[in-house]
Amino acid sequence: MHIVTWNVNSLKARLPRVQEWISESHPDVLLIQETKLAQDKFPHAEMTELGYESAHFGQGQWNGVAIISRVGLDNVVQNFAPGIEPDGEARIITATCGGIQVSSVYVPNGRSLDHDHYQYKLSWLSRLRAHLDASCKQTDDVVVGGDFNIAPEDRDVYDMKAFADATHVSVPERDALANVCNFGLTDTFRQFNDEDKVFSWWDYRGGAFHKGHGMRIDLLLATPSVAARAKGSVIDRNARKERDSGKPSDHVPVILEVG
DNA sequence: ATGGTGGCTGGGCCA
């Protein structure tokens, strides 16, 4: 089973490329972030045509997360689990697909260390941990995938000097991510890949992709039972290249194969 | 190089 996370940066603008990628790669479960679609604007019919069920948590033209699956899609929960302070934005959706509880998450960017949005980011990650505590056990089959807007280690950014006093690498947010992982989740990409400077996002500006100026901020975290079944994890950097089917997202799909 | 590009829009804001 292939579980994939992909921040598509507007499913409206990206639909032809997403359809093409699905047709070529046939993921079993695709966790989508930044649909930028209102709740009722998700292209369910187009996903059905490709052989997928779909669930969307949308919010006007910003944020928006979705799950599409060809191995079942049940127990859909929008926002954090009941009992957790609900988020005001559409940034997390959870479902059961192929026996695994999967969440598609779009962690707030943070903007800058002194911005209110940074405190929102830390609070959001604290509630993500509470969501896990409330909705599953460490011994369950669970995958949390998405755009975390955090590079877990220094080797996950192109140049630490470029990130002095910046978000995505700061100690408090890395600690907040570690607190989520302390539920019992591991960064599955690192089970299989030890090399430095492998990225899942590159800025649109300044030719960042061609300069290799990126970050690895899109993660697939899994509980031990899923991690034990994992066969590999790859990042499809080809999806960042120009194609006839439209402009690329600034993020690329991250893929986890589970046996 | 305090710029640059892309997506929301319909003038800037956000990433």
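The values are calculated or read from the model by the stated rules, or taken from the named source; none is laboratory data. Computed from a predicted structure; not experimentally measured. Cβ sites come from the backbone with ideal geometry, for glycine too, and all protein chains shown count toward neighbours. Side chains are part of the model used for accessible areas, which takes the heavy atoms of the whole protein and leaves out ligands, DNA and RNA. Shrake-Rupley method; radii C 1.70, N 1.55, O 1.52, S 1.80 Å.
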Neighbours by Cβ (under 6 Å, 6+ apart or cross-chain): first from the stretch A:40-56, at pLDDT 95 or above; second open to solvent by 60 Å² or more (accessible area, probe 1.4 Å) and among the basic types (Lys, Arg): A:Gly51/A:Arg70; A:Tyr52/A:Arg70
Filtered residue count, the stretch A:28-82, keeping only those that are touching a His at 6+ places or on another chain (Cβ under 6 Å) and either more than 23 Å from A:Glu257 (Cβ to Cβ) or not hydroxyl-bearing (Ser, Thr, Tyr) (or both): 5
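Quick grid of which residues meet (1) touching a helix residue (DSSP H, G or I) at 6+ places or on another chain (Cβ under 9 Å); (2) touching a residue at least 24 places away in the same chain (Cβ under 8 Å):
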| residue | (1), (2) |
| --- | --- |
| A:Ser170 | yes, yes |
| A:Val180 | yes, yes |
| A:Thr186 | yes, yes |
| A:Gln191 | yes, yes |
| A:Glu195 | yes, no |
| A:Tyr204 | no, yes |
| A:Val252 | yes, yes |
Any pair with Cβ under 8 angstrom, 6 or more apart, that starts in the stretch A:134-158 at a residue that is within 16 Å of A:Val254 (Cβ to Cβ) and ends at one that is within 16 Å of DNA strand B (Cβ to nearest atom) and open to solvent by 50 Å² or more (accessible area, probe 1.4 Å): A:Asn149/A:Asn109
Residue in the stretch A:113-127 that is of a type in the set (Lys, Arg) and on the phi > 0 side of the Ramachandran plot present: no
Count of residues meeting criterion [open to solvent by 70 Å² or more (accessible area, probe 1.4 Å) and away from DNA strand B (no atom under 16 Å from the Cβ)] in the stretch A:236-246: 2
Pair list, Cβ < 7 Å and 6+ apart or interchain, from the stretch A:19-36 residues that are within 14 Å of A:Glu49 (Cα to Cα) and in contact (Cβ under 8 Å) with a residue 24 or more places away in the chain to residues that are of a type in the set (D, E, K, R) and within 16 Å of DNA strand B (Cβ to nearest atom): A:Gln19/A:Glu46
Unique residue being open to solvent by 10 Å² or more (accessible area, probe 1.4 Å) and touching a His at 6+ places or on another chain (Cβ under 8 Å) when the list is A:Arg111, A:Arg127: A:Arg111
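Among the residues of the stretch A:171-210, write down those that are more than 16 Å from DNA strand B (Cβ to nearest atom) and of a type in the set (Lys, Arg).
Within the stretch A:171-210, A:Arg174, A:Arg190, A:Lys197 meet the criteria.
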Considering residues of the stretch A:72-92 that are assigned to a loop (DSSP other than H, G, I, E, B) and surrounded by fewer than 16 Cβ atoms within 10 Å (Cβ to Cβ) only, the residue farthest from DNA strand B (Cβ to nearest atom): A:Gly72
Selection count, the stretch A:49-70, where residues are within 16 Å of DNA strand B (Cβ to nearest atom), in contact with an Asp or Glu (Cβ under 8 Å, 6 or more places away or on another chain) and over 16 Å from A:Pro108 (Cβ atoms): 1
Whichever residue in the stretch A:105-147 is within 16 Å of DNA strand B (Cβ to nearest atom) and assigned to a strand (DSSP E or B) and, among such residues, is nearest to the chain's Cα centre (by Cα): A:Gly146
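Residue by residue, here is whether (1) open to solvent by 20 Å² or more (accessible area, probe 1.4 Å); (2) part of a helix (DSSP H, G or I); (3) more than 25 Å from A:Ala162 (Cα to Cα); (4) among the basic types (Lys, Arg) holds:
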{"residue": "A:Gln191", "(1), (2), (3), (4)": "yes, yes, yes, no"}
{"residue": "A:Phe199", "(1), (2), (3), (4)": "no, no, no, no"}
{"residue": "A:Ala208", "(1), (2), (3), (4)": "no, yes, no, no"}
{"residue": "A:Leu219", "(1), (2), (3), (4)": "no, no, no, no"}
{"residue": "A:Ser225", "(1), (2), (3), (4)": "yes, yes, yes, no"}
{"residue": "A:Ala228", "(1), (2), (3), (4)": "yes, yes, yes, no"}
{"residue": "A:Val234", "(1), (2), (3), (4)": "yes, no, yes, no"}
{"residue": "A:Pro248", "(1), (2), (3), (4)": "no, no, no, no"}
Output for the stretch A:16-41, where each listed residue is more than 12 Å from DNA strand B (Cβ to nearest atom), charged (D, E, K, R) and either open to solvent by 50 Å² or more (accessible area, probe 1.4 Å) or part of a helix (DSSP H, G or I) (or both): A:Glu20, A:Glu24, A:Asp40
